[in-house]
Amino acid sequence: QWARQTNATQPLTSGLWSGDRWQNSNLQNPLVSVKLEQSDVISFHSYSGPDGLKETIQALRIHHRPLICTEYLAREHGSTFENVLPIFKEEKIHPYNWGFVSGRSQTIHHWRSWKSPTQGEPDIWHHDIYRQDHTPYSENEVIVIRELTNAS
């Protein structure tokens, strides 16, 4: 109510997160219901692979509002640039990548590292694209990103 009372000129949103897959049964959660009712743009997280992402998009499209994915990329869960960026492009959904350069936030490490810390660079990075020396974690990922965004 407060946000609406300010007569904001920008669209309002409050991010949705519901585990690996979004389902309309999540609407029974009062907080989720309010977020959907009050958001001009639906922002959501998706860390699942292509099938889970497609399910999430289908479930959220019924609200007939623009969609923005504010977090994605969990390589060990099948959420990779190669797997999900083509879906975002086809569905005209703009995704935000949480990590960019490996560093302070340590997002190259999987969430489980919060409970079981790891040392060094993991074989499969969770997030992030580049090392601190500007070399990519995966050359192929950079090629995919450039191709799908028409960047040189």
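Given the options Arg21, Arg65, name the one that is modelled with pLDDT of 90 or more and farther than 23 Å from Thr149 by Cβ.
Details: Arg21 fails: modelled with pLDDT of 90 or more.
The match here is Arg65.
Given the structure, is His134 open to solvent by 20 Å² or more (accessible area, probe 1.4 Å) and more than 28 Å from Ala8 (Cβ to Cβ)?
On the way: open to solvent by 20 Å² or more (accessible area, probe 1.4 Å): yes; more than 28 Å from Ala8 (Cβ to Cβ): yes.
Yes, satisfied.
Take the conditions of a type in the set (Phe, Trp, Tyr), open to solvent by 70 Å² or more (accessible area, probe 1.4 Å) and within 14 Å of the chain's Cα centre (by Cα) and apply them to Tyr72. Does it pass?
Values: of a type in the set (Phe, Trp, Tyr): yes; open to solvent by 70 Å² or more (accessible area, probe 1.4 Å): no; within 14 Å of the chain's Cα centre (by Cα): yes.
Spelling it out, it is not the case that Tyr72 is of a type in the set (Phe, Trp, Tyr), open to solvent by 70 Å² or more (accessible area, probe 1.4 Å) and within 14 Å of the chain's Cα centre (by Cα).
Does Thr70 satisfy being modelled with pLDDT of 95 or more and either polar (S, T, N, Q) or over 24 Å from Asn150 (Cα atoms) (or both)? Please lay out each step first, then the result.
Numbers: modelled with pLDDT of 95 or more: no; either polar (S, T, N, Q) or over 24 Å from Asn150 (Cα atoms) (or both): yes.
No, not satisfied.
Would you confirm whether any residue within region 36-58 is in contact with a His (Cβ under 9 Å, 6 or more places away or on another chain), among the hydroxyl-bearing types (Ser, Thr, Tyr) and open to solvent by 40 Å² or more (accessible area, probe 1.4 Å)?
no
Determine which member of the set Pro117, Pro66, Pro86 is over 19 Å from the mean Cα position of the chain (by Cα) and on the phi < 0 side of the Ramachandran plot. Steps first, answer last, please.
Numbers: Pro66 fails: over 19 Å from the mean Cα position of the chain (by Cα); Pro86 fails: over 19 Å from the mean Cα position of the chain (by Cα).
Only one candidate passes the filter, namely Pro117.
Determine whether region 98-106 contains at least one residue that is open to solvent by less than 50 Å² (accessible area, probe 1.4 Å), within 28 Å of Ser14 (Cβ to Cβ), of a type in the set (Ser, Thr, Tyr) and over 12 Å from the mean Cα position of the chain (by Cα).
no
The values are calculated or read from the model by the stated rules, or taken from the named source; none is laboratory data. Small disclaimer: the values here were computed from a predicted structure and weren't measured. Methodologically, a virtual Cβ is constructed for each residue, glycine included, from the backbone with ideal geometry; neighbour enumeration extends over all protein chains shown. For the accessible areas, the whole protein counts, side chains as well, though only heavy atoms, and no ligand, DNA or RNA atoms are used. Shrake-Rupley method; radii C 1.70, N 1.55, O 1.52, S 1.80 Å.
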